[in-house]
Amino acid sequence: MNPGDNAIALIGFMGTGKSAVGRELSRRIGWPRYDTDEMIRKRFGISIPDIFARHGESAFRDAETTLLKTLHGGIAGIVVTGGGIILRAENVQLLRGMGRIVWLDADEEVLWQRVSKHSTRPLLQTPDPRVRFAELLRERLPLYQSAADHRINTTTNSIVQVTDEIIALI
Ligand code: S3P
């Protein structure tokens with residue numbers, strides 16, 4: 001994607017609905033969707049928990065940056081990111097160069113309800129995942145805040161409503 005392209009990058013914590021909204025948005029406006037988790041999973045040929053377990057978190061983070069660099073020279077579209085993409089300032093710069101950054105957010109308890117239904121998040125494979133979840137959220141909120149052009153609350157809104165709000169921004 002070239003600077004100034006009208007790409008939309010979705011950022012936000014685990015459980016904010018980035019993947020579902022990205023799919024709905026792509027379906028509605030016909031833009032291609034680039035889901036970084038999905039693409040990294042394909043590149044490694046194994047699941048994200050397995051990437052973390054076998055290669056470590058830093059290999060996953062490197063793959064995120066490498067992938068964003070390849071998207072940077074491509075076409076406009078919807079970039080769906082993993083919750084930790086904002087951990088590297090370089091990634092935020094790359095996303096910025098592609099277009100607008102939309103932050104999906106929700107109340108902590110609602111996020112936890114959504115995320116705890118699935119046990120696949122490698123960062124939550126700890127003795128007390130609820131505490132870790134709260135720590136990660138607290139650490140990352142300022143990073144989402146400073147990266148985002150727009151913030152959309154998904155606590156009570158449906159995927160369709162959130163998508164409507166993003167379309168209104170375009
Ligand atoms: C991560 C979130 C995951 C995935 C990986 C790391 C994170 O994506 O990228 O497990 O650091 O928050 P989702 O935000 O889609 O769960």
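The values are calculated or read from the model by the stated rules, or taken from the named source; none is laboratory data. All values reported here derive from a predicted model rather than from experimental measurement. No Cβ is skipped: glycine too gets one built from the backbone with ideal geometry, and neighbour counts run over all protein chains shown. Side chains included, ligands, DNA and RNA excluded: accessible areas come from the protein's heavy atoms. Shrake-Rupley method; radii C 1.70, N 1.55, O 1.52, S 1.80 Å.
Criterion first (on the phi < 0 side of the Ramachandran plot, assigned to a loop (DSSP other than H, G, I, E, B) and open to solvent by 20 Å² or more (accessible area, probe 1.4 Å)) does Thr70 satisfy it? It is false that Thr70 is on the phi < 0 side of the Ramachandran plot, assigned to a loop (DSSP other than H, G, I, E, B) and open to solvent by 20 Å² or more (accessible area, probe 1.4 Å). Screening Ser26 on (1) surrounded by 15 or more Cβ atoms within 10 Å (Cβ to Cβ); (2) within 14 Å of the ligand (Cβ to nearest atom); (3) of a type in the set (Gly, Ala, Ser) shows it passes everything except condition (2).
If we keep just the residues of segment 142-170 that are touching a Phe, Trp or Tyr at 6+ places or on another chain (Cβ under 9 Å) and not in a helix (DSSP H, G or I), which is nearest to Arg23 (Cα to Cα)? Before you say what the answer is, go through the steps one by one.
Initial filter on segment 142-170 (touching a Phe, Trp or Tyr at 6+ places or on another chain (Cβ under 9 Å)): 144-145, 147-152.
Next, from what is left, pick out any that are not in a helix (DSSP H, G or I): 148-152.
Details: Ala148: 20, Asp149: 20, His150: 19, Arg151: 18, Ile152: 17 Å.
Per the criteria, the residue is Ile152.
Scan segment 73-97 for residues that are more than 19 Å from Leu137 (Cβ to Cβ), open to solvent by 10 Å² or more (accessible area, probe 1.4 Å) and not in a loop (DSSP other than H, G, I, E, B) and report the count. Qualifying residue count, segment 73-97: 6. Within segment 133-141, is even one residue closer than 16 Å to Thr16 by Cα, aromatic (Phe, Trp, Tyr) and within 12 Å of the ligand (Cβ to nearest atom)? Yes: one or more hits. When Ile29, Ile11 are checked against the criterion of being closer than 20 Å to Ile170 by Cα and within 10 Å of the chain's Cα centre (by Cα), Ile11 stands alone in meeting it. On inspection, Glu38 passes the criterion of being assigned to a helix (DSSP H, G or I), within 11 Å of the ligand (Cβ to nearest atom) and within 27 Å of Glu165 (Cβ to Cβ).
Within the group Leu67, Leu87, Leu94, which residue is more than 14 Å from the ligand (Cβ to nearest atom) and within 15 Å of the chain's Cα centre (by Cα)?
Working: Leu67 fails: more than 14 Å from the ligand (Cβ to nearest atom); Leu87 fails: more than 14 Å from the ligand (Cβ to nearest atom).
That would be Leu94, the only listed residue that is more than 14 Å from the ligand (Cβ to nearest atom) and within 15 Å of the chain's Cα centre (by Cα).
Among the residues of segment 98-122 satisfying the criterion of being within 13 Å of the ligand (Cβ to nearest atom) and free of Cβ contacts under 8 Å to residues at least 60 places away in the same chain, which is surrounded by the most Cβ atoms within 10 Å (Cβ to Cβ)? Among them, the one singled out is Ser116.
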